[in-house]
Amino acid sequence: QVQLVEAGGGLVQAGGSLRLSCAASGRTFSTYAMAWFRQAPGKEREFVTGIGRSGARTYYADSVKGRFTISRDNAKNTVYLQMNSLKPEDTAVYYCAAAESGSVYYTRTLYNYWGQGTQVTVSS
């Protein structure tokens, strides 16, 4: 069993930056692919970005490409999401997810573990 705990959400003005973190319990963090999803009110949870086990491969939704950066530190069992040039449409609850298979998926149902989410609000 893996527990994921997100942190770093908050209120920021458009154009600003935030850095989210997701700390994982357990000794097998380096074997999981990790991802960030987000869910805005009234919308489905959507893929934002994912990272492979070693951190060498990263994947981004078109809507965040060039603005968001995912990274991981396997020694600290933590994955990060650096968000720059934030827009009001980035407002959502952001969730960290882990896939035991070690592969990054764009489909949320293929992830085995989820964090509780952290709110990101971008004001215009």
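The values are calculated or read from the model by the stated rules, or taken from the named source; none is laboratory data. Because the structure is a prediction, the values reported are computed rather than measured. Glycine gets a Cβ as well: all are built from the backbone with ideal geometry, and neighbour counts include every protein chain shown. SASA here: full protein model, heavy atoms, side chains in, ligands and nucleic acids out. Shrake-Rupley method; radii C 1.70, N 1.55, O 1.52, S 1.80 Å.
Here are a few things to note about the model shown:
- Odd one out for residue 123 among (1) touching a residue at least 60 places away in the same chain (Cβ under 8 Å); (2) surrounded by 13 or more Cβ atoms within 10 Å (Cβ to Cβ); (3) among the small types (Gly, Ala, Ser): (2)
Table: residues versus (1) in contact with a helix residue (DSSP H, G or I) (Cβ under 9 Å, 6 or more places away or on another chain); (2) in contact (Cβ under 8 Å) with a residue 12 or more places away in the chain.
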| residue | (1), (2) |
| --- | --- |
| 11 | no, yes |
| 17 | no, yes |
| 27 | no, no |
| 31 | no, yes |
| 35 | yes, yes |
| 42 | no, no |
| 50 | no, yes |
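- All strands (runs of 3 or more DSSP E) inside segment 1-120 with 3 or more residues being β-branched (Val, Ile, Thr) and open to solvent by 50 Å² or more (accessible area, probe 1.4 Å): none
- Selection within segment 1-37 - β-branched (Val, Ile, Thr) and under 11 Å from residue 81 (Cβ atoms): none
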